[in-house]
Amino acid sequence: MSLHRQLVLLITGLLLVLLAGICLLSVHNSRDYLQQQMHVHAQDTATSLGLSASKPLAEGDLALVQTMVDAIFDRGDFQDITIRNRAGEVVIRRNANTPPHRAPGWFVSWLHISPEPGISEMSYAWRVEGTVRIQSDRNRAIQILWDGTRQTFTLFLAVGVVSWIVVLLIVRAILRPLRTLEAQAEAICNKDFTGQQPLP
């Protein structure tokens, strides 16, 4: 195998490894960041809802509690909101039938995103009246990550192709004098002692 081909294969392999490594690192960092932000958002919302709905829940005003839950749930950021009373019975629950994401199955199973829910106690007059549990919408995060991964891969693929072409041209220019010397050596082996101008 010629030196030119060896260099081209080596540079191609390095570019592919670099592209794959950067894409994997980018996706994993984005997944971890999204999971953390979704948990923080769910926890903050659970704490806020727990504080504001504790008094109506203690007074038995479930209509007002339902209104508060609906106002938060209709924003579309959450998969499930569940409020339980002191006995642990479900008093109010809203669950979203979100449309399926457009990401392929292999990506979803490989990504394995599972944000932790936000849980908060609902207390009024120094007595625990119940708990609220809020689960963020996982499908939305998967769709965001899938779109971001496709854009990142497309960008790095374009940059990789351009870089590969530039490096290929540079290697060809660097090895041109070596090919000239090779041709001169072959000519000497064939008893052709014609001078070479200009010398590399």
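Worth pointing out:
- Summed over segment 64-88, the residues that are over 15 Å from Arg140 (Cα atoms) and either of a type in the set (A, V, I, L, M, F, W, C) or within 26 Å of the chain's Cα centre (by Cα) (or both) give a count of 9.
- Residue match in segment 137-154 (condition: at pLDDT 80 or above and either assigned to a strand (DSSP E or B) or closer than 24 Å to His4 by Cβ (or both)): no
- Candidate set: segment 85-100, residues that are within 25 Å of Gln37 (Cα to Cα) and among the basic types (Lys, Arg); chosen: the one surrounded by the fewest Cβ atoms within 10 Å (Cβ to Cβ): Arg93
- Residue within segment 140-157 that is farther than 14 Å from Val27 by Cα and open to solvent by less than 70 Å² (accessible area, probe 1.4 Å) present: no
- Set side by side, the residues Leu57, Leu7 differ, and just one is open to solvent by less than 30 Å² (accessible area, probe 1.4 Å), in a helix (DSSP H, G or I) and in contact (Cβ under 8 Å) with a residue 60 or more places away in the chain, which is Leu57.
- The number of residues in segment 10-47 that are over 19 Å from the mean Cα position of the chain (by Cα) and open to solvent by 70 Å² or more (accessible area, probe 1.4 Å) comes to 4.
- Answer from Asp70, Asp80 - the residue that is modelled with pLDDT of 85 or more, in a helix (DSSP H, G or I) and either among the acidic types (Asp, Glu) or open to solvent by 80 Å² or more (accessible area, probe 1.4 Å) (or both): Asp70
- Of all residues in segment 115-127, those that are within 17 Å of Gln36 (Cα to Cα) and open to solvent by less than 100 Å² (accessible area, probe 1.4 Å) have Cβ atoms under 6 Å from Cβ atoms of residues that are assigned to a strand (DSSP E or B) and basic (Lys, Arg), 6 or more apart or on another chain, in Pro117/Arg133; Ile119/Arg133.
The values are calculated or read from the model by the stated rules, or taken from the named source; none is laboratory data. Bear in mind the structure is a predicted one, so any value in this text is a computation, not a measurement. So basically every Cβ, Gly included, is an ideal-geometry build from the backbone, and we count neighbours across all protein chains shown. For accessibility, only protein heavy atoms count, side chains too; no ligands or nucleic acids. Shrake-Rupley method; radii C 1.70, N 1.55, O 1.52, S 1.80 Å.
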